[in-house]
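A short reminder: the numbers here are calculations on the coordinates, not readings from a lab. Keep in mind that this is a model prediction, so the values were computed, not measured. Glycine also receives a Cβ, built like all others from the backbone with ideal geometry; neighbour counts cover every protein chain displayed.
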Ligand SMILES: [Mn+2]
């Protein structure tokens, strides 16, 4: 039977939405997906119980309340999505099911485990990199170089250095103590993290699957969900 992956919905302009590319990446890797909107935790657990893995996709800014900071450039925030993400991450981690985080997914995973974020990279760091390059230049396949730790699992999938797209203005400040950074941008920003059962990336591999080797991230995640 194909593995069943829970994909978390987003809210944009009064619609529950999810970019099709996430679904396509998982589907190409051999999985079936169910898209979950916000709901009661009791029913969320019942749906997640049926699933073999969780993909936490990109989306809006993370509420800084989660890491005990005042709002200083985080917008927009959707409380229902915040609760959906946090409870799904908590449940799947506790039940030892694989989690794949993308963009906001990486940020909320870090916050869920006690880490903090830069709420706005251009105004709160002295970085010279444009981490919103892909959006500003409508360049889904271009962004900046990342360097990958050769001891990480990510290295076995992508090698030691490559260009990724970049669609974010928030980013990891303090990494949660149980997570390991597995890739960095040239300005030192964490661009990927991993720990047992979790892999998350700051860029958008689902928009780059036409380029080798980005589909490998989806294939690897789905193969872990098969076990
Ligand atoms: Mn970036």
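Take 69, 206 and order them by how many other Cβ atoms sit within 10 Å, fewest up front.
On the way: 69 14, 206 24.
Ranked by crowding around the Cβ, least crowded first: 69, 206.
Placing dummy labels 7 Å off each Cα toward the beta-carbon, the span from residue 149 to residue 177 is 1.7 nm. Let a ≥ b ≥ c be the square roots of the eigenvalues of the Cα gyration tensor of the stretch 43-84; is it rounded (a/c under 1.5), or, if not, prolate (a/b larger than b/c) or oblate? Prolate, since a/c reaches 1.5 and a/b exceeds b/c. Apply the a/c threshold of 1.5 to the C-alpha gyration tensor of the stretch 4-226 and tell me whether it is rounded, prolate or oblate. Rounded is the answer for the stretch 4-226, as its axis ratio a/c remains below 1.5. The residues 92, 212, 1, when put in order of fewest to most other Cβ atoms within 10 Å, stand as 1, 212, 92.
Cβ-to-Cβ counts within 10 Å put 106, 121 in ascending order as 121, 106, the fewest first.
Each peptide among 195-203, 79-87 gets the average number of other Cβ atoms lying within 10 Å of its residues, and from highest to lowest they stand as 195-203, 79-87.
What does DSSP give for the chain in terms of the percent of beta bridges that are antiparallel, rounded to the nearest 5?
Of the beta bridges lying entirely in the chain, close to 60 percent run antiparallel.
Working from the Cα coordinates of the stretch 185-227, the gyration tensor eigenvalues give, after taking √(5λ), semi-axes of 20, 16, 6 Å in decreasing order. Between residue 50 and residue 141, residue separation times 0.36 nm minus the direct Cα-Cα distance comes to 29.3 nm.
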